[in-house]
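Step one of this worksheet: look at the structure below.
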Amino acid sequence: MTQLIAVVLNWNGGDDTLAALASLEGTPTICVDNGSTDGSDALVEERFPQVELLRLGANLGFAAGNNAGIRRALERGADWVLLLNNDAAAEPGLADALERAAGARPDAGLLACKILSEDGVGVQYAGASFNARFGYSGRVSTTGPDRLRDVGRADGAALAVARRAVERAGLLDESLFLYVEDV
């Protein structure tokens, strides 16, 4: 993984967004503000001067907001873009873990992150399947050992996408304003 840039989408995210950005310390990061009115964009600018703040001026939704961040990350030379929800926090070493996974699976276009519950113990997402015939197939949660494996879909709360995958398949479907665009 030559260069990883993280994207955090903010819309009136307050302390959640600040915590997400703090968890990414040391990782080049872009915070995309989706027209916040709670002053959280100003707090990001004040407390995280090293984070590029991209103000969109309106709430364009999850897909369009993240797409703006992905485009900007690619303009900055990213080979991989990590999308992290503003109400999530990256564990220390996430960038290194993604680099190891990308090295082990050079054919991968997406790297799905294991997502822990708020308590840090339970698992919210650890891989899932998707069947286009039946639609959304839900989450598969496991507490087993961490290991690389193929999954049917990633969760948009925390995933890394390769530049080559974006160039080949395109960005998130902006007709999906909120929910299921990661599927």
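The values are calculated or read from the model by the stated rules, or taken from the named source; none is laboratory data. Not measured: the values here are computed from a predicted model. Heads up, the Cβs are rebuilt from the backbone with ideal geometry, glycines too, and the neighbour counts pull from every protein chain shown.
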From the options LEU110, LEU60, residue that is surrounded by fewer than 20 Cβ atoms within 10 Å (Cβ to Cβ) and either more than 21 Å from ARG164 (Cα to Cα) or in contact with a Ser or Thr (Cβ under 7 Å, 6 or more places away or on another chain) (or both): LEU60
Positions within segment 1-27 being assigned to a helix (DSSP H, G or I), touching a residue at least 40 places away in the same chain (Cβ under 8 Å) and in contact with a Ser or Thr (Cβ under 6 Å, 6 or more places away or on another chain), in sequence order: THR17
Flag for ALA154 being in contact with an Asp or Glu (Cβ under 7 Å, 6 or more places away or on another chain) and at pLDDT 90 or above: no
Test for LEU98: is it in a strand (DSSP E or B), in contact (Cβ under 8 Å) with a residue 40 or more places away in the chain and buried (at least 19 other Cβ atoms within 10 Å of the Cβ): no
Residue count, segment 67-91 (criterion: without any contact (Cβ under 8 Å) to a residue 60 or more places away in the chain and of a type outside the set (D, E, K, R)): 1
Segment 28-54, residues that are of a type in the set (Asp, Glu) and either exposed (fewer than 14 other Cβ atoms within 10 Å of the Cβ) or assigned to a loop (DSSP other than H, G, I, E, B) (or both): ASP38, GLU46
Given (1) within 17 Å of the chain's Cα centre (by Cα); (2) at pLDDT 65 or above; (3) not in a loop (DSSP other than H, G, I, E, B), number of the condition ASP87 does not satisfy: (3)
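One line per residue, one yes/no per condition, for (1) more than 28 Å from GLU167 (Cβ to Cβ); (2) more than 14 Å from the chain's Cα centre (by Cα); (3) modelled with pLDDT under 90:
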position	(1), (2), (3)
GLY69	no, no, no
GLY77	no, yes, no
ALA102	no, yes, no
SER137	no, yes, yes
Qualifying residue in segment 46-62 (condition: under 23 Å from ALA101 (Cα atoms) and touching a helix residue (DSSP H, G or I) at 6+ places or on another chain (Cβ under 8 Å)): no
